[in-house]
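Okay, structure first, notes after.
The values are calculated or read from the model by the stated rules, or taken from the named source; none is laboratory data. Not measured: the values here are computed from a predicted model. Methodologically, a virtual Cβ is constructed for each residue, glycine included, from the backbone with ideal geometry; neighbour enumeration extends over all protein chains shown. Accessible surface areas use protein heavy atoms only, side chains included; no ligands, DNA or RNA. Shrake-Rupley method; radii C 1.70, N 1.55, O 1.52, S 1.80 Å.
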Amino acid sequence: MKQEVLDNALDHLREEPKMERLIDEFGNPDFNGGIDYFNALSKSIIYQQLSGKAARTIYNRFLGLFNNELPKAEDVIKIDIPTLRNIGISQQKSNYISGIAEYFSNDGSKIDFESLSDIEVGNELIKLKGIGQWT
């Protein structure tokens, strides 16, 4: 998609005060493709059943463990459960994130998700503990 089209669309959305506030708070959407499934799933798990503000605080602490960069699965494997618990992630969610990291370091790294349909991706990821259709 052309950057000019995206910029025009964002300018149009900013005319609505609520949308302007959301764009300012969360930044411009990334339309560059290439989904980082590991980080998308980790973030989704952290945000589950929490208010937006609490989830954002915990997620930012999570990123802080990795110098505020999106971590690779191999980086998350090196973090122990007590460290995840200390930044506010529940025991269950810590286990899920660790399991997802193991998956993407091993089996998931061999799968070309970009070549799969959305349904095929969903069917593969739903096998992971903590991942459901809603994720």
Cα long-axis angle, helix 37-47 against the chain (0 to 90 degrees, to the nearest 10): 90
Per residue, accessible area of the range 1-113 with a 1.4 Å probe, heavy atoms of protein chains only, in Å², comes to 66
Tell me, what HN-Hα J-couplings in whole Hz come from the Karplus equation 6.51 cos²θ - 1.76 cosθ + 1.60 at θ = phi - 60° for each residue of the range 118-135, using x for Gly and Pro? 4, 5, 5, 4, x, 5, 6, 6, 5, 5, 7, 5, x, 10, x, 4, 5, 6
Taking the Cα centre of the chain as origin, sum charge times position over the Cβ atoms of Lys and Arg (+1) and Asp and Glu (-1), and report the length of that vector in debye to the nearest 20. 800
Could you tell me what percent of the accessible area of the chain is made up of carbon and sulfur, with a 1.4 Å probe and every protein chain present? 50
With the contact rule set at Cα under 8 Å and sequence spacing of 6 or more, what percent relative contact order holds for the chain? 21
Just grab the label-to-label distance for E120 and R14, each label 7 Å out from Cα along the Cβ direction, in nm (one decimal). 4.0
Pull up the cross-link candidates among the lysines for K72, meaning alpha carbon to alpha carbon under 24 Å and not fewer than 8 places away within one chain. K43, K93, K110, K127, K129
Taking 0.36 nm per intervening residue step and subtracting the Cα-Cα distance, what contour gain separates L6 from Q48 on full extension? 12.2 nm
